[in-house]
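Report on the structure given below.
The values are calculated or read from the model by the stated rules, or taken from the named source; none is laboratory data. All figures in this text were calculated on a predicted structure; none of them were measured in a lab. When we count neighbours, we look across all protein chains shown, and the Cβ atoms used for this are built from the backbone with ideal geometry, even at glycine.
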Protein chains: 2
Amino acid sequence: MIHSDDVPVVPGFLAAAVHAGIKPYPVKDLALIVSDPPARAVGVFTSNSVKAAPVLLTGARIRSGCCKAVIVNSGNANACTGDRGFRDAMAMCRWTSRAMGADEGAVFVCSTGVIGVPLPVAKIRKAIPKLVRILRPDGIPEVVQAIRTTDRFPKFLWEKTVVGGRSVTVCGIAKGAGMICPNMATMLAYFLTDLNAPVPVLRELLKTGVAKSFNRINVDGDGSTNDTVLLLANGVAGNPPVVHGSRGYDAFRSTLHHIMEELARMIVRDGEGSTKTVDIVVRNARTNADARKIAYHIANSSLVKTSFYGEDMNWGRIIVAVGCSNPHIEQDKIDIWYNATKVVKGGVSAGRPQEERARKVLKQPSFTITVDLHMGKGLYSVLTSDLSHEYITLNASYRS
Amino acid sequence: MIHSDDVPVVPGFLAAAVHAGIKPYPVKDLALIVSDPPARAVGVFTSNSVKAAPVLLTGARIRSGCCKAVIVNSGNANACTGDRGFRDAMAMCRWTSRAMGADEGAVFVCSTGVIGVPLPVAKIRKAIPKLVRILRPDGIPEVVQAIRTTDRFPKFLWEKTVVGGRSVTVCGIAKGAGMICPNMATMLAYFLTDLNAPVPVLRELLKTGVAKSFNRINVDGDGSTNDTVLLLANGVAGNPPVVHGSRGYDAFRSTLHHIMEELARMIVRDGEGSTKTVDIVVRNARTNADARKIAYHIANSSLVKTSFYGEDMNWGRIIVAVGCSNPHIEQDKIDIWYNATKVVKGGVSAGRPQEERARKVLKQPSFTITVDLHMGKGLYSVLTSDLSHEYITLNASYRS
């Protein structure tokens, strides 16, 4: 069973957060996660070719496969800040390592917030010793609070499973509500576990999990400079090292991936201004790559997303997005479903009664649009949100 | 000088419009343009692989290079209507040809409006004889009214030039405000002229004009099923046939292309809910294709467009869109200008004073964002609009 109500504790992990003053209002904006002993670590980072300094630094350090601590701030992305940004990211790690007496190379850093403004490093430096002092096993929910930017609700889930006869805990925490797009977008997510597993196994678990969760969500079509997903496993559970394909591996994978998929869904549900969560499924495309392209085009269409917001029975916009996205479509083969109601059959309306039934589907907070192209075996699905007045309000003045 | 105030008359052309009842409220929704003698005709059509019946029919008929009349309705796109849609489009042409005593194959048809609903053909059939009766030389503005859907203002421009010692008139009319995207989007545009020119010359004039006007605009990222641009030239001016590269050719091209570019700009200015018109220029990309991809990604980014709406000095969103659009970018080479103010230099802020100056640029109704990648010679520009509350309101309930 997944937990999200009571306080998660993962053996061997300590966490804490403070208000360092990066944000102008009194909320927590600097957090620290520590693993004792140091954890095996793997990560996935943004595919945007403009990468923030902390992404570059953490991306380099994670090659060692070892992580003692993660220091993370919100309110400032430390992106597009040039050499100074890189020095600031290094300094955040150095100050943390000194305050803890840890190896500097095993301290990772993440930032999220406004782009192009230098970090207020003096404030961060001052706050770090306090952060270290207040570290505690039940501090994870505070970290979740501290990494929020435009998130409307905190996102964390945890679950226990059994691996090699030992109880193993997995806790996932995430932030992200805007700039959510293919390949992870403005998103930070940390998966903390006491599992004992070698780095290659952890890497495979993370990559396959991200592929079916965070890499299948879309809020507004832009990936961010700072996206980071980390999986930290400190081995405190004492299970024998997990082997790919074993029963323990399957149990852990299923638990981890379930949490990843649920967190991804929570991010879309919290998509800026979002009132609907919609699964876009494209099937029987020529190839999976075709299906993916078409699904993302639908998921990213402002016209489609506003029609979801307006609960407007307008399948024309979906078929337009399909036609726009790919030249290899035969329009008279296209079927479209709203949940189980087939609204388009062979490229034309399946009739008024079907449209009326689908209108009721549109009133639900979440539903599935399925497009069947009848051209091959290609399949892909994307989770998206609607586009609302609230999105415009949130985004018209995020920075100034 | 371009005219848009007084009533355009193009020698040899007649036009008229009526309320046929396709739209539920009493506005003109059916229009007819006739050329006497029949005009030489060339066209460009949607690149969406889902094409409406009238696009398929007119696309086939225009191969003859000859057009006597264009019948066009708004309120219903006759798209995704299957065989019936094709029969209905044929019938519209047949009824028109009979009412006029013209060759059916020289009658073209266009439709714009809601997708997936059969045309109310009985109403159209009934209205056509009246349309033919009221044809007149100064009827063009009525056609402009009749083809409007969500357009807030009518769009037509006309100009006279001299070709081969004869006065030649060019009149362009257009509709389009939503689904405006690369490759023409929900847009109808007709260019009527009394020029005498062979079809291959007309085709070249239209294609090069569309490439730098209607194919460079973006409102919301989706192309339509019905986009059609026609150039009809009936030769009534009596100039010697225009030869590619002659002085007359150059004079006409410059006039035609000027009108096309201005109409394209009007469409973006009228983009659904638009409050800003923004030129996105990408220069010194590796290739023109790279520049195009990046320019469209910026122009189509909801995050960038909402920041324009909010007059929010947030160049981070532009650089994020750049990084998202292309893997071959070096972030520390990127410069970004708001009009003449360089806000980003080498991938980082050019300073607070520059940002303050650019904030004033954002308050203007139109401005230019220039992204210089310093990687090659690639250049492309796109015209886009902002994304406003009004866009959401207009699009959340277009159909129901």
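Summary table below
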{"item": "Every residue from the range A:52-65 that is outside any helix (DSSP H, G or I) and either in contact with a Gly (Cβ under 7 Å, 6 or more places away or on another chain) or crowded, with 21+ Cβ neighbours inside 10 Å (or both)", "result": "A:A52"}
{"item": "Top-ranked residue of the range B:358-389 - restricted to ones that are buried (at least 18 other Cβ atoms within 10 Å of the Cβ) and of a type in the set (D, E, K, R), ranked as modelled with the highest pLDDT", "result": "B:D372"}
{"item": "Search result, residues across the range A:312-348 that are polar (S, T, N, Q) and free of Cβ contacts under 8 Å to residues at least 24 places away in the same chain", "result": "A:N314, A:Q331, A:T341"}
{"item": "Entirely in the range B:323-388, the strands (runs of 3 or more DSSP E) that have 2 or more residues that are hydroxyl-bearing (S, T, Y) and farther than 26 Å from A:F45 by Cβ", "result": "B:366-372, B:378-385"}
{"item": "Selection from the range A:301-322 of residues that are assigned to a loop (DSSP other than H, G, I, E, B) and among the aromatic types (F, W, Y)", "result": "none"}
{"item": "From the options B:G165, B:G113, B:G172, residue that is in contact with a helix residue (DSSP H, G or I) (Cβ under 7 Å, 6 or more places away or on another chain) and of a type in the set (G, A, S)", "result": "B:G172"}
{"item": "Qualifying residue in the range B:221-229 (condition: at pLDDT 90 or above and more than 12 Å from chain A (Cβ to nearest Cβ))", "result": "yes"}
{"item": "Some residue of the range B:237-259 being over 26 Å from B:V361 (Cβ atoms), touching a Gly at 6+ places or on another chain (Cβ under 7 Å) and not assigned by TED's automatic domain parsing to the domain that holds B:A197", "result": "no"}
{"item": "Criterion: polar (S, T, N, Q) and without any contact (Cβ under 8 Å) to a residue 24 or more places away in the chain - qualifying residue of B:S97, B:S64, B:S49, B:S111", "result": "B:S49"}
{"item": "Residues of the range A:266-297 classified as among the β-branched types (V, I, T) and within 14 Å of another protein chain (Cβ to nearest Cβ), total", "result": "2"}
{"item": "Identity of the residue in the range B:1-51, in contact with a Ser or Thr (Cβ under 9 Å, 6 or more places away or on another chain) and among the aromatic types (F, W, Y), that ends up surrounded by the most Cβ atoms within 10 Å (Cβ to Cβ)", "result": "B:F13"}
{"item": "Pair list, Cβ < 6 Å and 6+ apart or interchain, from the range B:358-371 residues that are free of Cβ contacts under 8 Å to residues at least 40 places away in the same chain to residues that are of a type in the set (S, T, N, Q)", "result": "B:V361/B:N339"}
{"item": "Qualifying residue in the range A:87-105 (condition: within 20 Å of B:V344 (Cα to Cα), assigned to a helix (DSSP H, G or I) and assigned by TED's automatic domain parsing to the domain that holds A:P37)", "result": "yes"}
{"item": "Selection status of A:T96, within 14 Å of chain B (Cβ to nearest Cβ), crowded, with 24+ Cβ neighbours inside 10 Å and either in contact with a His (Cβ under 6 Å, 6 or more places away or on another chain) or β-branched (V, I, T) (or both)", "result": "no"}
{"item": "Flag if B:N284 is touching a Ser or Thr at 6+ places or on another chain (Cβ under 8 Å) and not assigned by TED's automatic domain parsing to the domain that holds B:E204", "result": "no"}
{"item": "Extreme residue, farthest from the other protein chains (Cβ to nearest Cβ), among residues of the range B:298-324 that are crowded, with 23+ Cβ neighbours inside 10 Å and farther than 20 Å from B:V348 by Cβ", "result": "B:A299"}
{"item": "Looking only at the range A:257-295, and only at residues there that are of a type outside the set (G, A, S) and within 20 Å of B:L387 (Cα to Cα), the one that is nearest to the chain's Cα centre (by Cα)", "result": "A:E272"}
{"item": "Close pairs (7 angstrom Cβ cut-off, 6 or more residues apart or separate chains): assigned by TED's automatic domain parsing to the domain that holds A:V70 in the range A:120-133, in a helix (DSSP H, G or I) and of a type in the set (S, T, Y) anywhere", "result": "A:I128/A:T96"}
{"item": "Residues that are under 33 Å from the mean Cα position of the chain (by Cα), within 8 Å of chain A (Cβ to nearest Cβ) and either among the hydroxyl-bearing types (S, T, Y) or under 18 Å from A:P118 (Cα atoms) (or both), drawn from the range B:326-343", "result": "B:I334"}
{"item": "Residue match in the range A:262-274 (condition: in a loop (DSSP other than H, G, I, E, B) and either modelled with pLDDT of 85 or more or closer than 30 Å to B:G85 by Cβ (or both))", "result": "no"}
{"item": "Residue in the range A:66-88 that is surrounded by the most Cβ atoms within 10 Å (Cβ to Cβ), counting only those that are farther than 20 Å from A:K23 by Cα and of a type in the set (G, A, S)", "result": "A:A69"}
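Residues checked against (1) within 14 Å of chain B (Cβ to nearest Cβ); (2) modelled with pLDDT of 95 or more; (3) farther than 22 Å from A:L131 by Cα; (4) in contact with a Lys or Arg (Cβ under 6 Å, 6 or more places away or on another chain):
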| site | (1), (2), (3), (4) |
| --- | --- |
| A:L57 | no, yes, no, no |
| A:A60 | no, yes, yes, no |
| A:C67 | no, yes, no, no |
| A:R87 | yes, yes, no, no |
| A:M90 | no, yes, no, no |
